[in-house]
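The values are calculated or read from the model by the stated rules, or taken from the named source; none is laboratory data. From a predicted model like this one, the values you see are computed outputs, not experimental measurements. A quick note on method: Cβ atoms are made from the backbone with ideal geometry, for glycine too, and the neighbour counts reach across all protein chains shown.
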Amino acid sequence: MRFLRRSLVGLFLLSLTLGLLAWAGILVRDAVQAYLTDTPRIPQARERVFAVNVVPVRLETVAPVMTAFGEIQSRRTLELRSAVGGTLIDLAPEFVEGGRVAAGTLLARIDPADMQAELERAQSALHDAEAERREAIRAVELEKDALAAAEEQAELRQRAYQRQADLQSRGVGTSALVEEAELSASSARQAVVTRRQALAQAEARVDQSTTSLTRAHIALDEAQRRLDETEIRAGFDAQLEEVSVVGGRRVSANEMLATLVDPTALEVAFRVSTQQYLQLLNASDRPRELPVTVTLDFYGASVSSFGTLTREGAAVGEGQTGRLLFAALETPRGFKPGDFVTVTIDESPLEQVALLPATALGPSGDVLVLDGEERLEAISVELLRRQGDSVIIRAPGLDGRLVVAERTPLLGAGIKVRPLDKAATSGPTGPDVQAEAAMLELTEERRARLVAFIEGNDGMPAEAKQRLLAQILEPRVPAQVIERLEARMGG
């Protein structure tokens, strides 16, 4: 019985296995036939929509601000050098590093013993030259008197000779007396010639004494100048730096002792690119006298001063690029030569321009604009300025339209997008919000006070006055301009 039961169970399992294998074979056959006979089905493709940040284009008047970096330096810097060698015997208490001195202050003195002795020798030589000239003048006067006496003697001898000749012609005198009188007259004439030679020599002695006196005066002046050069004085109100001497030290001629720096005549030297330089030129190809703001940042605080663009460098330095510009500081309080500062230049306002993020402008000078079907359209614009993370463009036909704020390589013309901020159609976003927040409405009293200050400022260029007055008279004025003016007013 057990054998029969086990045989039936085995037969059942074998039949079930064969049935499953047959069913699997049928499924595989049907699947292959269906694959071979059915037509392929192509899935329907859906257009991909990209989400983008957009900003509206608003045409307005924007005052570009150019940013550069420069170094503070003094317009008046003087090296103090010793004109003569010697030992320093006197030093002023202010002759130290950082000491402040006034114009004409005696800073140091070199031992004047040698120069004083030289001055006394020059004075003695001058006295000798003056005495020699006086003696020569007296000798000329004496020679003139001697010449007059010799001429008078010669005239008497000549009359005596003529008298003897008359006597001989009348038969009274003798030939011997006539010859003797003639010899005496000739000797008298020879004496006159000798006296004239002596007078000429005396006059030449006067000329020589005059030359010697002039040389003595020159030597005395030179000795006095060398004595004065032993005193080192400040040429102007300044501050000392690089002081390298102490009292009692021996210095050589032309050795640098210190440097005078005028702390009130400060300017900033900064370099801009050639393109930025061309934007600052006027009709005469010279930089315009634009207002600048110089800022020194340190540990979270800052010191600022206003200034004016004054001049440009004459040449491009070796290994340098761009152009070197200089701006004079109006209130250099807190600045020192050598400070590394940030310089912002306020350019003339540009009308009917748009301020957009720098990421909205493509490398080919175009922007992506949304059309009515929310598809992108590439439109070329004119790039006017780059300042920070923004660009100023001129696009007359884009006023009020939406522009992609951040471009990516996936975006291009004809692509359908989904603006992330629908509120952009009714108000500005991104940089426009900041620009709107930076504009203030002025009361009439505040506006009148600012206008009076600008018109009464004689140190401000006329071009800058007109530009600032045009901004102040607008309904909304940039907050930065108001803060700068009120800082100058003390309000």
Select from region 452-482 the residues that are surrounded by fewer than 15 Cβ atoms within 10 Å (Cβ to Cβ), assigned to a helix (DSSP H, G or I) and at pLDDT 75 or above and list them in ascending order.
A452, E455, G456, K465, Q466, L469, A470, A479
Would you say A328 is modelled with pLDDT of 90 or more, under 21 Å from the mean Cα position of the chain (by Cα), surrounded by fewer than 16 Cβ atoms within 10 Å (Cβ to Cβ) and more than 30 Å from D111 (Cα to Cα)?
no
Tell me which of these P396 doesn't satisfy, since it passes every other one: (1) surrounded by fewer than 17 Cβ atoms within 10 Å (Cβ to Cβ); (2) closer than 17 Å to L59 by Cβ; (3) under 36 Å from the mean Cα position of the chain (by Cα).
(3)
Please report, ordered by residue number, the strands (runs of 3 or more DSSP E) entirely within region 49-136 with at least 2 residues that are within 30 Å of R394 (Cβ to Cβ) and not assigned by TED's automatic domain parsing to the domain that holds A328.
50-52, 54-56, 60-62, 65-74
Working only within region 363-373, note down all residues that are exposed (fewer than 14 other Cβ atoms within 10 Å of the Cβ) and either over 30 Å from T342 (Cβ atoms) or of a type in the set (S, T, Y) (or both).
S364, D371, G372, E373
Out of R133, R157, R163, which single residue is surrounded by 13 or more Cβ atoms within 10 Å (Cβ to Cβ) and either β-branched (V, I, T) or in contact (Cβ under 8 Å) with a residue 60 or more places away in the chain (or both)?
R133
Restricting attention to region 182-214, which residues are under 17 Å from V140 (Cα atoms) and within 60 Å of the chain's Cα centre (by Cα)?
V206, D207, Q208, S209, T210, T211
Would you please name the residue that is modelled with the highest pLDDT, looking only at residues in region 1-48 that are in a loop (DSSP other than H, G, I, E, B) and among the charged types (D, E, K, R)?
R48
Scan A176, A185, A200, A223 and give me the residue that is closer than 30 Å to V84 by Cβ and in the same structural domain as L156 (by TED's automatic domain parsing).
A223
I'd like to know if region 406-418 contains one or more residues that are among the small types (G, A, S), surrounded by 15 or more Cβ atoms within 10 Å (Cβ to Cβ) and under 19 Å from D371 (Cβ atoms).
no
Is there a residue being among the polar types (S, T, N, Q), surrounded by 17 or more Cβ atoms within 10 Å (Cβ to Cβ) and at pLDDT 85 or above anywhere in region 194-214?
yes
Contacts under 6 angstrom Cβ, first residue in region 97-115 being touching a residue at least 24 places away in the same chain (Cβ under 8 Å), partner basic (K, R) and surrounded by fewer than 19 Cβ atoms within 10 Å (Cβ to Cβ), 6 or more apart:
G104/R233; L106/R233; M115/R226
Which of the residues spanning region 332-347 are of a type outside the set (K, R), surrounded by fewer than 16 Cβ atoms within 10 Å (Cβ to Cβ) and either not in a strand (DSSP E or B) or not assigned by TED's automatic domain parsing to the domain that holds S302 (or both)?
G334, G338
Identity of the residue in region 95-115, over 26 Å from the mean Cα position of the chain (by Cα) and charged (D, E, K, R), that ends up modelled with the lowest pLDDT
D114
Give the residues of region 63-87 that are under 14 Å from the mean Cα position of the chain (by Cα) and either of a type outside the set (S, T, Y) or over 22 Å from D339 (Cα atoms) (or both), sorted by residue number.
A68, F69, G70, E71, I72, Q73, R75, R76
